[in-house]
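This report refers to the structure that appears directly beneath it.
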Amino acid sequence: MDILPYLCTPDKIKQNKSYASRDDQRVSKTLVEKLTELNDPRLKVFAQLPQDESVSHYVGAANGLNADAANNQGFYKLSRPGSSFLQDDAPAVFFSYAEVLFIFAEAAARGFISADAELLYNQAVAASLQQYGTADATDYLAQATVRYDPRKWAEKIGWQKWIAFYGQGPDAFTDWRRLGYPQLTPGPSSALDAGLVPRRLYYPATEQTLNGEHYRRAVAHQGADELTTRLWFDVEQKNR
């Protein structure tokens, strides 16, 4: 089977027009620190060294800060997204080959299909590294921090799939809720009490005004229209 680097429309949909008029996006501290911990070769693709030449390593922006604290980090001391992601013709990835393999790996780990979960996991990680033109996956997968563990399949798949979803925020958000990994910590200025992370988005006001009957039915079925209400696939599992 040929490994497809990514699946996108033939004309490579231009997804990064927002970068043409602003330069305040920075890579997350959570991601940078995790990639650094894993000696992940994708770090140099996902991020750039800070523009401040006195900073010689990748630095991520902390999440959940108020405006003053965010500005005080110093944008020139933080890592911008990788240059390939800032191009107008950067391809919009809808469904990567790595994601397909991670889905199969999870299905095997859960016993839904008869297949080797570890092999599929290794192939998924290798596909993601190949997608971004980085090093061979052999040494990377040999690390204890990356190596597949059937007792911790949700954690291993959850972290690596989250990394592979770089640039695909809604997909990463969905799988984080579904698998429980990565384990995220709310920022100090989180809008939610008790250190909670949002589990969903509010329905837009137009749903209440233009589709009120069905809005009320949905809320009655799924729970309050609040950021903390879990959707049907977002359930706490004791044995992930």
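The figures follow:
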{"quantity": "Any chance Ala164 is of a type outside the set (Ser, Thr, Tyr) and modelled with pLDDT of 95 or more", "calculated": "yes"}
{"quantity": "Top-ranked residue in segment 31-81 [being at positive phi and modelled with pLDDT under 95; ranked as surrounded by the fewest Cβ atoms within 10 Å (Cβ to Cβ)]", "calculated": "Gly74"}
{"quantity": "Inter-residue pairs, beta-carbon under 7 Å, first more than 25 Å from Ile157 (Cα to Cα) and in segment 173-202, second at pLDDT 90 or above and hydroxyl-bearing (Ser, Thr, Tyr), 6+ apart", "calculated": "Leu192/Thr228"}
{"quantity": "Selection within segment 135-182 - polar (S, T, N, Q) and buried (at least 17 other Cβ atoms within 10 Å of the Cβ)", "calculated": "Gln160, Gln168"}
{"quantity": "Elements of type helices (runs of 4 or more DSSP H) in segment 47-160, at least 3 residues being over 18 Å from the mean Cα position of the chain (by Cα), assigned by TED's automatic domain parsing to the domain that holds Arg22 and under 30 Å from Ser21 (Cβ atoms)", "calculated": "67-72"}
{"quantity": "The one condition in (1) part of a helix (DSSP H, G or I); (2) in contact with a Ser or Thr (Cβ under 7 Å, 6 or more places away or on another chain) that Leu35 fails to fulfil", "calculated": "(2)"}
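The values are calculated or read from the model by the stated rules, or taken from the named source; none is laboratory data. Here the structure is a predicted model, which is why all the values come from computation and not from measurement. Glycine gets a Cβ as well: all are built from the backbone with ideal geometry, and neighbour counts include every protein chain shown.
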